[in-house]
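Colleague: Take this structure first; my questions come after.
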Amino acid sequence: MVKFRSRLFGTEFDPPLILASGILDQTAESIQRLIKKGMGGVVTKSIGTEPREGHPNPTIVELDTGLLNAMGLPNQGIEDFKNEMEKLESELEEEPIIGSIFASDPDDFSHLAGKMTRYGADMVELNLSCPHAEGYGAQIASDDEIMERVIKKVDERIQEPILAKLPPSNEIAKNAVLAERSGADGIVCINTVRAMAVNFETQEPILGNKIGGYSGPGIKPIGLRCVYEVYREVDIPIIGCGGITDGRDALEYILAGASALQMGSALHHRGKDAVEKVSKEATELMRKEGIDDIEEIIGGAH
Ligand code: SIN
């Protein structure tokens, strides 16, 4: 029996495919539907301390090789999100819930992490990588001192595993080492890649925010490079993310060094059954190659 699943931080991800933050995860109902379609775990949308509207429309552009988004971290704020977490908790059986949080300083991160875990998150993902929200995300990761303080503060506050979601910079391995040293239990790489689209006819940027984040098949080589570089430098597990669209992509990420995977844009490209399809394809490929367990091939490309 081929084992396409993984155990991280004492938790089973079966399959090792997790819904990435920000896709179809606005409500407990939409998350629940994806779990029924075979997701091994979910990351919530990124939640902040207060409600936030996000960037002006248009916020999404469809490209030939992926999606460009500039949502701008819209969310209802942590207090209101409690209701969604309670619904999710009561509806999910064993699938882990990873609460994604964003803030601009260590105290707010720590406050949010405390609330997320109190409301039922099994783990917390720190959004240190949104590429287009002023004062948040990638701007935190670009400052070593703040990033270190954020992770240390969260580590002092919660017992649950902390995942640091990092941006795809040239410094990602250095960032990951700092995150590990500061108390992160796992690294998620990568978030979307800072990018834009221009309309030839109107001669203007298309996105309301002008700059957004690029996801989908076009960024897979960047994601693989990041996982590969991070794997060489840290001892904590890596969750790979970026353009995973079929079973072969998933196994390539594992060969680069990922122990589990996140999927987002694939749900747009292949529909809500994407996870079932990717699981089936990966399992068949493993069977064909005589691989019994993904444990055998994590980091195999090194
Ligand atoms: C967004 O809300 O703009 C996307 C979140 C992210 O890129 O981390």
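Colleague: What are the residues in the range 245-273 that are touching a residue at least 60 places away in the same chain (Cβ under 8 Å) and over 20 Å from ILE291 (Cα atoms), if any?
Modeller: Scanning the range 245-273 gives GLN262, MET263, GLY264, SER265, LEU267, HIS268, LYS272, ASP273.
Colleague: Hey, another quick one. What helices (runs of 4 or more DSSP H) completely inside the range 216-283 contain at least 1 residues that are aromatic (Phe, Trp, Tyr) and open to solvent by less than 30 Å² (accessible area, probe 1.4 Å)?
Modeller: 247-256
Colleague: On to the next question. What are the residues in the range 1-29 that are modelled with pLDDT under 90 and crowded, with 16+ Cβ neighbours inside 10 Å, if any? Full working, then the answer.
Modeller: Residues of the range 1-29 modelled with pLDDT under 90: 1, 22-29.
Within the range 1-29, GLY22, ILE23, LEU24, ASP25, ALA28 meet the criteria.
Colleague: Separate question: Go through (1) away from the ligand (no atom under 13 Å from the Cβ); (2) surrounded by fewer than 17 Cβ atoms within 10 Å (Cβ to Cβ) one by one and return the number of the condition ALA113 breaks.
Modeller: Unmet condition: (2).
Colleague: Based on this model, can you work out whether GLY300 counts as touching a helix residue (DSSP H, G or I) at 6+ places or on another chain (Cβ under 9 Å) and of a type in the set (Gly, Ala, Ser)?
Modeller: It is true that GLY300 is touching a helix residue (DSSP H, G or I) at 6+ places or on another chain (Cβ under 9 Å) and of a type in the set (Gly, Ala, Ser).
Colleague: Within the range 284-302, track down each residue that is touching a residue at least 12 places away in the same chain (Cβ under 8 Å), assigned to a helix (DSSP H, G or I) and surrounded by fewer than 16 Cβ atoms within 10 Å (Cβ to Cβ).
Modeller: Answer for the range 284-302, where residues must be touching a residue at least 12 places away in the same chain (Cβ under 8 Å), assigned to a helix (DSSP H, G or I) and surrounded by fewer than 16 Cβ atoms within 10 Å (Cβ to Cβ): GLU284, ARG287, GLU295.
Colleague: Among the residues of the range 53-71, what is the count of those that are within 15 Å of the ligand (Cβ to nearest atom) and surrounded by fewer than 19 Cβ atoms within 10 Å (Cβ to Cβ)?
Modeller: 7
Colleague: What pairs come out if I take residues in the range 26-40 that are under 17 Å from PRO16 (Cα atoms) and pair them with residues that are polar (S, T, N, Q) and open to solvent by less than 30 Å² (accessible area, probe 1.4 Å) whose C-beta lies under 9 Å away, six or more apart or interchain?
Modeller: Qualifying pairs under 9 Å: ILE31/THR44; GLY38/SER279; GLY40/SER6; GLY40/SER279.
Colleague: Six or more apart or on different chains, Cβ atoms under 6 Å: show the pairs whose first residue is in the range 189-201 and free of Cβ contacts under 8 Å to residues at least 60 places away in the same chain and whose second is assigned to a loop (DSSP other than H, G, I, E, B).
Modeller: Listed by first residue and then by second, the contacts come to CYS189/LEU166; ASN199/ILE206.
Colleague: Follow-up. For the range 72-107, give me each residue that is under 15 Å from ARG157 (Cα atoms) and either away from the ligand (no atom under 16 Å from the Cβ) or in a loop (DSSP other than H, G, I, E, B) (or both).
Modeller: ASP105, PRO106, ASP107
The values are calculated or read from the model by the stated rules, or taken from the named source; none is laboratory data. None of these values were measured; they are calculated from a predicted model. FYI the Cβ positions are ideal-geometry reconstructions off the backbone, even for glycines, and counts take in every protein chain you see. For the accessible areas, the whole protein counts, side chains as well, though only heavy atoms, and no ligand, DNA or RNA atoms are used. Shrake-Rupley method; radii C 1.70, N 1.55, O 1.52, S 1.80 Å.
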